[in-house]
Amino acid sequence: MGLVWLVGCGRAPEAGTNAEKSAAASAVAPVFEDITAQAGMDFVHQLANGQLDNIMKSDGAGGTILDFDGDGFMDVYLANSGPVPVLSEAPPGTPRLPNALFRNRGDGTFENVTKAAGVEGWGFGTTAAAADYDNDGHTDLLVVNFGGLILYRNRGDGTFEDVTARAGLSSKLSGISATFFDADNDGRLDLFVANYLVFDPAIKPPAGANIPYPGPLSYEAEPNLLYRNRGDGTFEDVSEASGIRIPGHRGMSVTPLDYDLDGDQDLYVSNDGTANLLLANDGKGQFKDVGLECGVAVNQFGEAGGSMGAAVGDVNADGLPDLFVTRFGNASLYLNSPGGLFDDRIAASGLLSLSSQYTGWGGNFLDFDNDGDLDVFVANGDPHYLKGMLSLLLENQGRGTFTDAAGQGGPFFQRSLNLRGSGAFDFDNDGRMDLIATSLGDRAVLLRNRYAAPGHWLTLKLVGTRSNRDGFGAQVKVVAGTRTWQAEARCPTSYVFQQDPRLHFGLGAAATVDRIEIRWPSGQTQTIANPAVDRILRIEEP
């Protein structure tokens, strides 16, 4: 049945002597505490000349969550957007601030190991993606820049080597998002890169326009890329042959998901100013856009606004993956139905009234109180000016309707910041999901979840053997009595950020689990009976 190891353990904090005390603690104590400074997360995003004066700089930068040293604690890598001629002008001699790799010490603090690891990066960084592309047991790192890619292979000794040229990743396009997934189910992770636009500083806003720079449709679009993993450390560009190259779109992010639960990973591409794409996979790595027919190309109002990114999760507990899409304009909550047809329920969910006054960038599903349903965090920011907006914490009432939980979120949710990327992850392995967010030209923020009386939980770290090492594409069910939770292991990318790749399940009052069921990408199925809860389990494919 494969191996099941306890790789970290914890338990829900004591609820107190009685329910009344527990409820009182939950009502008074803020859910999230800003621990950026004490944790040593000393990262500042570089806005080259201190001005937001073109569309490329507005996109900001993000990063990825990864366990690069294999110690069971999630580390953080953040990309920086340095000075680049034409694209990001700065006074002569302005040094580029490096990207940053923060090693999680496991005691609530992080150590900056960027230089020692050899991952400082170069140019105008936008994001990063992490996965074990060569199946050697070590998580590798891809950095995405406006102007090129960097593939850092993890040597397994705390250092990385730049293998970009050797791997054949020669793109010079304006990359803004990337994700690893197994397009053809051969056990090797392929790579999709979403590209943005061809920046031309000569293009100016129309006379009288009250904006500092033109919108995305003023610029030529750049094509997206799909690289097939050959299995020998190199990649082959199969963009044209695979059907993913659809002209006229300016990508903002790409998100993998098996939307129709047919056993292969599809792709959702969020575009800036044009309809979004749902690239359906035929199981052999051939793709067709079905966004319009499946109901996820435009929002509830028929608008193709500037989409930032998509979060994937089952928000109404029907066993199907749903999509939450942040936008410059009205967001969408696409609820899935059998057969892969979606309905945008953003208004009915309560999310529209709560989010429409803001520009949403990073959006994340997380069960912040472990009550068994997925809540929402949204990182907001102004797209045109260096001024802040409030972030959103939205609590799921159990079936995909949401209420404003910022009042219990803590002081952070009263601060106006110009945020961009965000990710949910359990950095201290206590079973409560924490948050990280990047700010445009400002400090990254680390929020520790200190919810006083969370429910039970279970976190799964999957390890493929016949499937890809990360287990991306595995379908997982957790069954406890009459309740079933379902999720897919994915390279969890959203707007310029990749969050914790481990699967986290809030279990609410369920103190025991009957079984875990896994359908691996290889087609194998696996059942683990009566696993312990309030634990992190490492599960190896048979």
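The values are calculated or read from the model by the stated rules, or taken from the named source; none is laboratory data. Remember, it's a predicted structure, so these values are computed and weren't measured experimentally. Glycine also receives a Cβ, built like all others from the backbone with ideal geometry; neighbour counts cover every protein chain displayed. Please note that ligands, DNA and RNA were not included when accessible areas were found on the heavy atoms of the full protein model with its side chains. Shrake-Rupley method; radii C 1.70, N 1.55, O 1.52, S 1.80 Å.
Here are the numbers:
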read-out: ARG228 - accessible surface, heavy atoms, 1.4 Å probe, Å² rounded to 10; value: 70 Å²
read-out: Mean Cβ count within 10 Å, highest first, over the residues of peptides 168-178, 199-209, 476-486; value: 168-178, 476-486, 199-209
read-out: Per-residue ³J(HN,Hα) for segment 42-51, Karplus 6.51 cos²θ - 1.76 cosθ + 1.60, θ = phi - 60°, Hz, x for Gly and Pro; value: 9, 10, 10, 6, 8, 9, 2, 9, x, 10
read-out: Shape call, segment 456-522: gyration tensor on alpha carbons, a/c limit 1.5; value: oblate
read-out: Largest-first principal axis extents, alpha carbons of segment 118-195, Å; value: 31, 30, 19
read-out: Cβ-derived FRET efficiency at R0 41 Å, SER337 paired with ASP71, nearest 0.05; value: 0.50
read-out: Per-bin percent of Cα-Cα distances, segment 162-248 [10 Å]; value: 16, 39, 24, 14, 7, 1
read-out: Largest to smallest principal axis extent of the C-alpha atoms in segment 311-407, angstrom; value: 43, 28, 18
read-out: Full-extension gain in nm, ALA347 to ALA529, via 0.36 nm per residue minus C-alpha separation; value: 61.5 nm
read-out: Cα principal axis extents for segment 373-419, largest first, Å; value: 37, 21, 11
read-out: Charge context of GLU111, other residues only, Cβ under 9 angstrom, K/R +1, D/E -1; value: +2
read-out: Helix-only CD estimate at 222 nm, as mean residue ellipticity for the chain, using -39500 (n - 2.57) per DSSP H run (n ≥ 4); value: -1500 deg cm²/dmol
read-out: Environment charge at ASP371 (Cβ cut-off 14 Å; Lys +1, Arg +1, Asp -1, Glu -1); value: -2
read-out: Local electrostatic count at GLY329 - Lys and Arg +1, Asp and Glu -1, tallied over other residues with Cβ under 12 Å; value: -1
read-out: Residues of the chain: accessible area per residue with a 1.4 Å probe, Å²; value: 35 Å²
read-out: ASP157 - accessible surface, heavy atoms, 1.4 Å probe, Å² rounded to 10; value: 110 Å²
read-out: Equivalent ellipsoid semi-axes, the chain, via Cα gyration tensor eigenvalues times 5, rooted, Å; value: 32, 27, 24
read-out: In the chain, lysine pairs closer than 30 Å at Cα, eight or more apart or cross-chain; value: 14
read-out: Centre separation in Å (Cα based) which lies between segment 35-102 and segment 288-330; value: 28 Å
read-out: The chain - percent of accessible surface contributed by carbon and sulfur, probe 1.4 Å; value: 51 percent
read-out: Burial order of peptide ranges 347-354, 453-460, 511-518 (average beta-carbon count within 10 Å, highest first); value: 453-460, 347-354, 511-518
read-out: Gain on full stretching of the segment that runs from ALA241 to ALA37 - 0.36 nm per residue minus C-alpha separation; value: 68.6 nm
